[in-house]
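A short write-up of the structure that comes next.
The values are calculated or read from the model by the stated rules, or taken from the named source; none is laboratory data. Just so we're clear, the structure is a prediction, and the values are computed from it rather than from any experiment. Don't worry about glycine lacking a Cβ; one is built from the backbone with ideal geometry, like all the others, and counts go over all protein chains shown. Ligands, DNA and RNA are stripped out before the accessible areas are found, and what is left, the full protein with its side chains, is counted by its heavy atoms. Shrake-Rupley method; radii C 1.70, N 1.55, O 1.52, S 1.80 Å.
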Amino acid sequence: MASRRSNKRKRRNRGRFGFLYKMLSLIIILVVIAAGCVVFFRVEDITVSGVSRYTAQEIIDASGVAQGDNLFLVGSSRTAQKIYSTLPYVDEVNIRHALPDGIVITVTERVPAAVIQGDDGWWIIDAKGKILDGVSRPEQAGVAEVAGLTALLPAVGTTLAVEDADSLKLESLLSLLKALSQRDMITKISTIDLSSAAEVSMFYDGRLTVKMKLLGAAEFSEQVRDFAAILEQGIVQDNERGTLDMTLNTPHFIPQYGEN
């Protein structure tokens with residue numbers, strides 16, 4: 001009887017030690033794998049694509065990633081955030097590992113869309129309202145000059161803000177810039193005037209003053225679509241100058257005769 005109890009205790013002890021042995025073996029294996037990752041998976045090659053305004057080295061410097069860093073400790077979101085906070089013209093960043101020793105950084109840059117006045121200078125923004133840069137004169141920006149709206153406490157890297165009373169105008173401006181950018185028309189706009197509470201006026205292609213209703217953000221996608229259709233259908237000829245009034249129920253073109 002005593003012998004059977006002794007055998008049971010031995011089997012229990014063997015089972016207990018067997019479980020501990022397996023756990024210890026697993027821990028050792030994991031430590032060896034982790035050590036291998038630290039020793040062998042080092043960043044040797046960093047590739048950057050999609051940049052034109054910045055150099056590849058500027059992107060790498062902003063990312064904080066350097067040769068010799070542990071490949072698996074390079075966090076995509078953390079690295080991307082470093083780039084965003086340092087380089088305002090960067091819109092999107094994608095970071096992926098290229099085993100065994102590479103990092104690939106793909107960047108989409110922001111495109112300047114307009115320039116707006118504020119705090120003793122002019123500020124370049126993209127179609128999303130991100131402030132990209134500051135210039136002393138609007139013509140230095142090479143983009144549409146905004147009138148009738150003033151930037152509030154502008155700073156590079158921040159989002160454009162205005163007084164509360166002008167919030168509808170800001171919403172309308174961003175909607176208009178987005179609609180024009182989507183149809184590749186933004187580069188032909190030289191001025192955007194938001195001085196009126198009822199309409200927005202812009203100068204297109206150095207020859208057309210275009211007036212649109214200032215009714216809210218959703219309206220501009222449709223109005224810009226209609227404007228593009230008018231040009232495509234030849235309702236306004238390529239060489240015609242004048243004013244296209246789209247605030248009426250039916251768009252009305254008033255030609256301008258002579259050189260002025």
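Quick look at the values:
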{"quantity": "Filter result (part of a loop (DSSP other than H, G, I, E, B), in contact (Cβ under 8 Å) with a residue 12 or more places away in the chain and open to solvent by 40 Å² or more (accessible area, probe 1.4 Å)) within the range 48-83", "calculated": "GLY50, VAL51, SER52, ARG53, GLY64, ALA66, GLN67, ASP69"}
{"quantity": "Boolean, ALA228 is open to solvent by less than 50 Å² (accessible area, probe 1.4 Å), at pLDDT 95 or above and not in a loop (DSSP other than H, G, I, E, B)", "calculated": "yes"}
{"quantity": "Residue within the range 116-126 that is under 20 Å from MET185 (Cβ atoms) and of a type in the set (Gly, Ala, Ser) present", "calculated": "no"}
{"quantity": "Residues of the range 205-225 satisfying the condition of being part of a strand (DSSP E or B), open to solvent by less than 20 Å² (accessible area, probe 1.4 Å) and either touching a Phe, Trp or Tyr at 6+ places or on another chain (Cβ under 8 Å) or among the β-branched types (Val, Ile, Thr) (or both)", "calculated": "VAL210, MET212"}
{"quantity": "Search result, residues across the range 113-133 that are within 20 Å of GLU163 (Cβ to Cβ) and open to solvent by less than 60 Å² (accessible area, probe 1.4 Å)", "calculated": "ALA114, VAL115, ILE116, GLY118, GLY121, TRP122, TRP123, ILE125, GLY129, LYS130, ILE131"}
{"quantity": "Tally, over the range 84-109, of residues that are touching a Leu at 6+ places or on another chain (Cβ under 7 Å) and either among the small types (Gly, Ala, Ser) or open to solvent by 40 Å² or more (accessible area, probe 1.4 Å) (or both)", "calculated": "2"}
{"quantity": "Only listed residue being open to solvent by less than 40 Å² (accessible area, probe 1.4 Å) and polar (S, T, N, Q), chosen from SER136, SER172, SER167", "calculated": "SER172"}
